[in-house]
Amino acid sequence: MPKQFIGNFIIVIILFLASSTGWCSFSTDISRIGTSARPMGMGQAFTALADEPSAIQLNPAGLAQLRSFRISSMHTSLLGAIDYLSLDTAIPIFNGTLGLGAIQGSLPGIPITELDKNNRPVITSEVTYTESLYLIAYAFPLNNSLDLGISGKVFQKDVPSIASAQGYNADVGLLYRLNKPWRFGLVQKNALAS
């Protein structure tokens, strides 16, 4: 019994260390907020279902199920201050489905201050912080029950006249349909080393 426990413990540790999340992940992914009401209502447990355009952000393999042009969007104001917009589309093309997506969050009215002659802060201007994510994906069936999807992502963060940054990454997903009620999904988010 102890040998089996130790073996299982070692496997869990190896899998954890091999994952891309690790212990020190400081970068944010704006898509974690949510992209559509349905996946959000399911607690983002959408990896195995992924049957709408928002699949581009949750499991790109799900796009292969879409056989007609589809579009979805979501807009909200987070905490009454942050404008958040998500737009996803699926376009059947060749033997699969092309997906295009975008998410943008912005926080306007951030004060920029300087010290006056009495060393007190004075607001000199205001800026808007903007974070964006742009995606392109392609998904296709490998056979009657297994789909593969790959998405490329461009992250952008910007505070005009102060700082901006850009990064790239990719997601890879599989979707397996065993029979009508049983489906399994697997996704490697942000698969490229950063």
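List the trypsin sites (Lys or Arg not before Pro) in the stretch 62-126 that DSSP assigns to loop (not H, G, I, E or B) and whose Cβ has at most 12 other Cβ atoms within 10 Å. Which are they?
Of the trypsin sites (Lys or Arg not before Pro), the ones in loops of the stretch 62-126 whose Cβ has at most 12 other Cβ atoms within 10 Å are Arg67, Lys117.
Which of rounded, prolate, oblate describes the stretch 127-194, given a ≥ b ≥ c as roots of the alpha-carbon gyration tensor eigenvalues and a/c under 1.5 marking rounded, otherwise prolate only if a/b is larger than b/c?
Prolate.
Over the stretch 97-191, give the accessible area per residue in Å² for a 1.4 Å probe, as an integer.
61
Quick check: residue separation of Ala170 and Thr76 times 0.36 nm, minus the Cα distance between them. What number comes out in nm?
Extending this stretch completely gives an extra 31.2 nm.
For the stretch 166-178, take each phi angle, set θ = phi - 60°, evaluate the Karplus expression 6.51 cos²θ - 1.76 cosθ + 1.60, and give the result in whole Hz per residue in order, putting x for glycine and proline.
Per-residue couplings from phi come out as 9, x, 10, 6, 8, 10, 10, x, 10, 9, 10, 9, 6 Hz.
Taking amide hydrogens as modeled 1.01 Å from N in the peptide plane, which residues meet the under 5 Å criterion relative to Thr35, leaving out close sequence neighbours?
Correct list: Met40.
Could you please report the charge total around Leu175, scoring K, R as +1 and D, E as -1 over all other residues with beta-carbon less than 11 angstrom from its beta-carbon?
Once all neighbours under 11 Å are counted, the net charge is 0.
For Gln156 and Ser68, what does the FRET efficiency come to when R0 = 30 Å and r is the distance between their Cβ atoms, rounded to the nearest 0.05?
0.45
Once you put a point 7 Å from the Cα of Ile123 and another 7 Å from the Cα of Phe94, both along the Cβ direction, what distance in nm separates them?
So the label points at Ile123 and Phe94 sit 5.2 nm apart.
Kirkwood hydrodynamic radius for the stretch 71-194: how many Å is it when counted over pairs of different Cα atoms?
This gives a value of 17.7 Å.
Using each residue's phi in the stretch 85-99, evaluate 6.51 cos²θ - 1.76 cosθ + 1.60 at θ = phi - 60° and report the 3J(HN,Hα) Karplus result to the nearest Hz, with x for Gly and Pro.
9, 10, 9, 9, 9, 10, 10, x, 8, 6, 9, x, 9, 8, x
So if I restrict to the alpha-carbon atoms in the stretch 59-140, what is the Rg, and what is Dmax, the biggest pairwise distance, in Å?
20.3, 69
The values are calculated or read from the model by the stated rules, or taken from the named source; none is laboratory data. Just so it is clear, the model here is predicted, and its values are computed rather than measured. Heads up, the Cβs are rebuilt from the backbone with ideal geometry, glycines too, and the neighbour counts pull from every protein chain shown. Accessible surface areas use protein heavy atoms only, side chains included; no ligands, DNA or RNA. Shrake-Rupley method; radii C 1.70, N 1.55, O 1.52, S 1.80 Å.
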